[in-house]
Protein chains: 2
Amino acid sequence: LAGQLSLNRSTIAAAYRLLEQEGWIRAHVGRGSFVQAGLQNKANSTPIISFASARPPEALFPLSQFRQVTREVLESSQLPRILQLGSPYGYEPLRQWLLTNRSRPGDDLLITNGCQQAIDLLARSAIQPGDAVLVEEPVYPGLREVFLRAGARILPVDVGPDGIDIDACQRAIVRDRPKLAVVTPSFQNPTGATMPLAARMRLLELCRASGVLLVESSIYAELLYEGEPIASLHQLDTSGQVVQLGSFSKIAFPGLRVGWLTGPKSVTAAAAQAKQWSDLHSDQLSQAVLYRFAASGMLEAHGDVVRASLAGRLKACVAACLDHMPPGAGVTHPRGGMNLWVRLDPAISTQDLLAQAEAAGVAYLPGHLFSATGAHRSSLRLSFAGLPEEQIRKGVAILGSLFATQLRRPAETRSGLPAMALV
Amino acid sequence: LAGQLSLNRSTIAAAYRLLEQEGWIRAHVGRGSFVQAGLQNKANSTPIISFASARPPEALFPLSQFRQVTREVLESSQLPRILQLGSPYGYEPLRQWLLTNRSRPGDDLLITNGCQQAIDLLARSAIQPGDAVLVEEPVYPGLREVFLRAGARILPVDVGPDGIDIDACQRAIVRDRPKLAVVTPSFQNPTGATMPLAARMRLLELCRASGVLLVESSIYAELLYEGEPIASLHQLDTSGQVVQLGSFSKIAFPGLRVGWLTGPKSVTAAAAQAKQWSDLHSDQLSQAVLYRFAASGMLEAHGDVVRASLAGRLKACVAACLDHMPPGAGVTHPRGGMNLWVRLDPAISTQDLLAQAEAAGVAYLPGHLFSATGAHRSSLRLSFAGLPEEQIRKGVAILGSLFATQLRRPAETRSGLPAMALV
């Protein structure tokens with residue numbers, strides 16, 4: 001753009017910043033900037049229907065409870081200590097609560113700036129350049145990118161309806177001897193897939209037998225809407241080989257950036273040292289507030305509210321996809337979480353159609369962003385958690401119509417990069 | 001210790017954690033755990049006099065003002081947005097305030113989790129393994145360690161009464177072509193030294209001529225107690241070659257972990273990308289609270305309170321050192337900041353005497369912790385900011401007496417590692 005307009009890159013960057021501040025666009029980590037609302041939409045005050053971000057809706061935030069627990073922290077005799085320098089491991093009352101309620105006997109726990117920092121600290125403390133890391137394909141880009149930056153070789157293993165392909169994991173482990181395997185067994189991002197109990201047991205056994213440290217992201221696991229919960233890898237582990245990553249951010253208040261990493265003491269101690277050099281420790285005001293929010297039972301109660309609301313949204317999103325996506329489209333049917341995954345005819349490039357979708361008032365993330373191999377160019381992720389059911393139905397209908405129109409065109413007039421240009 | 005007691009290392013780690021929670025010891029980043037109070041002191045309820053930590057005293061925290069601005073945030077219509085996911089660059093109102101009040105026209109600014117993360121993000125975004133980084137000797141260990149972990153070659157340049165030795169900088173720059181030079185021109189940690197204006201100008205010119213990015217830590221600069229302020233490198237810079245690191249943590253509320261990095265847009269943009277992969281963004285509740293604390297004028301007013309209090313403490317510490325340290329000791333005379341530096345007779349090992357000092361009720365940090373070369377074994381850092389003047393006088397008298405007693409002993413009975421074992 002800078003070249004096109006003969007402007008300085010920093011001018012363009014500032015303009016993008018301004019557009020974001022004013023709500024015209026939204027910048028996504030490593031994915032570039034996305035238009036929030038086409039100019040026309042903005043002019044008409046019609047907000048764009050965005051399926052782009054996997055986060056809980058602000059409208060559900062329990063603000064009066066948040067104010068109450070924050071006032072309690074302000075009146076607490078602990079306030080001066082909360083505002084003073086603290087421990088790399090985190091604010092001790094919250095850490096103890098998490099050890100009791102989100103960990104297992106014998107394991108240790110480190111509080112992090114959200115799950116993203118937990119991933120980064122693992123990459124910094126458990127990986128040397130050249131080490132192999134087994135990940136899901138498609139995968140959360142913030143996970144793939146952190147391990148790539150740590151110099152790891154990424155081993156992508158396909159995710160199917162029952163989560164990661166265990167036979168393919170076995171082959172990759174035998175062939176490439178990864179140091180870590182990172183999986184999201186419940187409501188995987190982006191597919192929403194869940195590993196059945198038997199698959200979890202097999203993966204545990206595989207990793208145990210080959211000495212692979214198994215990293216379980218459980219940030220969506222509490223968002224179960226249908227059926228019975230399945231024991232986590234961390235719960236099933238009998239040999240101290242699982243590190244679990246968690247966060248409050250998918251239930252409430254992601255702006256507070258509080259997550260955690262729990263597992264064998266050797267792993268948490270190394271991560272704590274990486275944490276010290278990264279930022280000494282996490283902000284303690286938010287930790288103290290979230291401690292009271294969790295320990296008072298408000299977190300659990302609010303989880304029920306979120307689950308009830310998001311269950312309806314997921315149902316609406318799946319139903320709308322079945323109604324509106326073109327014949328032949330594959331749509332995942334998650335039992336929880338915030339994301340579902342749509343596979344379209346290979347003739348469609350979801351990246352190329354994004355601008356048209358946004359002009360029509362709908363945003364999503366194209367599938368290739370989630371790939372370690374450049375695949376999934378005809379897929380897209382729909383994050384439904386932030387949208388009312390009405391908006392979900394409307395947004396999916398618009399997308400379905402756009403994709404169908406595209407498929408009816410003769411191949412040579414379809415918008416999209418020519419196949420040669422794909423990299 | 002685990003070996004000595006035939007216990008599991010994790011048991012020992014847990015015991016240390018417990019000791020720390022109960023205030024018996026304090027764990028320092030990368031320096032190990034230090035006894036807060038000898039058992040005898042604890043039994044007598046005499047708290048140890050600790051010169052170990054450079055942080056503002058809790059007793060000075062303006063708690064009622066903190067409560068007031070936090071309540072304002074709670075009642076603000078912005079609260080839902082503050083609690084939602086935000087920008088890697090930081091909470092925009094605070095960022096704008098800092099751009100206006102702590103930066104210079106044309107530069108950009110990124111909010112970080114304290115100054116430690118600002119250093120880390122620079123190391124992650126501006127350094128490739130093998131790059132040379134010029135640092136002060138002695139130096140803040142959290143700076144040296146971050147660059148070492150990034151794979152940098154450390155070029156230590158001695159600090160004298162007027163800060164870093166500019167002639168030595170010139171030689172190091174010509175010889176080793178560093179990518180970055182990192183300095184603390186005002187009230188350097190650990191020496192308290194300040195670079196005069198002429199030295200700043202020379203360093204700027206040197207770095208400009210050789211294309212070295214100059215990184216200025218200004219975290220102590222506002223703590224000026226005596227004389228006129230000197231323009232910062234960032235203020236003096238005319239060629240966009242200076243990145244300045246700042247923090248609220250030395251004035252108030254270090255537990256909130258809010259710092260920043262400001263400089264040329266190319267540098268801040270690369271650091272912002274590293275920030276995204278590190279932890280997406282910093283907690284926004286603390287940023288919103290500190291924004292109101294700063295924008296209301298409370299920060300500036302509180303700065304006056306801190307400066308008035310710490311000026312007396314610095315004076316008391318220098319005077320006590322002159323009274324009590326053994327003849328021949330060198331004591332720096334900082335005009336601000338939180339630290340002074342004492343050089344003792346080479347016969348004394350401040351590391352070896354630490355246990356005796358702690359048994360006598362006084363803690364400090366031995367000089368070698370601040371060295372990139374294993375030097376400064378007969379020096380120590382005294383961080384006076386957290387101690388009332390009375391305690392400072394008492395603590396320095398105890399240390400002076402201990403060091404003098406040690407020097408009167410025949411060389412062979414002095415405690416300390418034999419010279420051969422020094423590394």
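Every number here is computed from the coordinates shown, using simple stated rules; none is lab data. Computed from a predicted model, the values in this text were never measured in an experiment. Counting neighbours? That spans all protein chains shown, and the Cβs are built from the backbone with ideal geometry, glycine included.
Per residue of peptide A:256-268, the mean number of Cβ atoms on other chains within 10 Å of the residue Cβ is 2.
Within a 10 angstrom radius of each residue's Cβ in A:81-88, how many Cβ atoms of other chains show up on average? Whole number is fine. Don't skip to the answer; put the middle values down first.
Numbers: counts 2, 3, 11, 12, 13, 3, 5, 2.
Neighbouring Cβ atoms belonging to other protein chains average 6 per residue here.
Build a GNM of chain A with springs between Cα atoms under 10 Å apart, and of A:Ser247, A:Ser77, A:Ser296 the one that fluctuates most is A:Ser77.
Across the identical copies, the label point of A:Pro410 (7 Å from Cα in the Cβ direction) is separated from its matches by 10.7 nm, in order from shortest. Using C-alpha pairs below 8 Å separated by at least 6 residues, the relative contact order for segment A:331-385 is 43 percent. What do you get for GluC sites (Glu not before Pro) in segment B:192-270 restricted to DSSP loop and a cutoff of at most 13 other Cβ within 10 Å of the site's Cβ? Hits after loop and neighbour filter: B:Glu226.
Treating the beta-carbon of each Lys and Arg as +1 and of each Asp and Glu as -1, no other charges, what is the dipole magnitude of the protein assembly as shown about its Cα centre, to the nearest 20 debye?
440 debye
Indicate the helices, whole DSSP H runs only, in chain A that combine a mean Kyte-Doolittle hydropathy of -0.5 or more with a Cα extent along their long axis of 30 angstrom or more.
Details: long enough: A:298-324 (38 Å, 0.52).
Those that pass (Cα extent of 30 Å or more, hydropathy at least -0.5) are A:298-324.
When the Cα atoms of chain B are aligned to their principal axes, the ranges along those axes come out at 64, 54, 49 Å in descending order.
Counting Cα-Cα pairs of segment B:239-398 in 10 Å increments starting at 0 gives whole-percent bin shares of 9, 28, 27, 24, 12, 1. In percent, rounded to a whole number, the relative contact order of chain A is 22, using alpha-carbon pairs under 8 Å and six or more apart.
Placing +1 on the Cβ of every Lys and Arg and -1 on the Cβ of every Asp and Glu, with nothing else charged, gives segment A:63-210 a dipole about its Cα centre of roughly 260 debye.
Around the Cα centre of segment A:161-233, unit charges on the Cβ atoms of Lys, Arg, Asp and Glu (plus for the first two, minus for the last two) sum to a dipole of about 460 debye. In the elastic network of chain A, a GNM with C-alpha springs shorter than 10 Å, the most mobile of A:Ala209, A:Ala320, A:Ala193 is A:Ala209. Between this copy and the others, label points of A:Ala59 are 5.3 nm apart in ascending order, each placed 7 angstrom from Cα in the Cβ direction. Dividing the alpha-carbon radius of gyration of segment B:174-318 by the rule-of-thumb value 2.2 N^0.38 Å gives 1.16.
Report the convex hull volume per residue for segment A:112-205, counting only C-alpha atoms, in Å³. Could you put the intermediate results ahead of the total?
Details: hull volume 8.6 nm³, N = 94.
So the per-residue Cα hull volume is 92 Å³.
Which entries in A:Lys315/B:Lys275; A:Lys250/B:Lys250; B:Lys179/B:Lys265; A:Lys265/B:Lys250 show an alpha-carbon gap greater than 27 Å? Pairs exceeding the cut-off: A:Lys315/B:Lys275; A:Lys250/B:Lys250; A:Lys265/B:Lys250. Per the Debye formula on identical point scatterers at the alpha carbon atoms of the protein assembly as shown, with no solvent, log10 I(q)/I(0) at q = 0.09 Å⁻¹ is -0.93.
Among A:Gln351, A:Gln244, A:Gln78, the largest mean-square fluctuation in a Gaussian network model of chain A, built with springs joining Cα atoms closer than 10 Å, belongs to A:Gln78.
Could you tell me the relative contact order of segment A:48-175? Use alpha-carbon pairs under 8 Å, at least six residues apart, and round to a whole percent.
Numbers: 91 pairs, mean separation 18.6, N = 128.
The normalised contact order for segment A:48-175 reaches 15 percent.
Based on DSSP H segments of at least four residues, each scored -39500 (n - 2.57), the protein assembly as shown has a per-residue ellipticity at 222 nm of -13500 deg cm²/dmol.
Of the residues B:Gly312, B:Pro326, B:Leu382, the one whose Cα sits farthest towards the positive end of the charge dipole of segment B:306-405 is B:Gly312 (charges of +1 on Lys and Arg Cβ, -1 on Asp and Glu Cβ, taken about the Cα centre). Look at the stretch A:269-281: the mean tally of other chain Cβ atoms within 10 Å of its residues' Cβ atoms is 6. Is segment A:183-246 best put as rounded, prolate or oblate by its Cα gyration tensor, with a ≥ b ≥ c the root eigenvalues, rounded for a/c under 1.5, and otherwise prolate when a/b is larger than b/c, oblate when not? Cα axes put segment A:183-246 in the prolate bin. Sorted from closest to farthest, the other copies place their A:Ala311 label points 6.6 nm away, with each point set 7 Å from Cα along Cα→Cβ.
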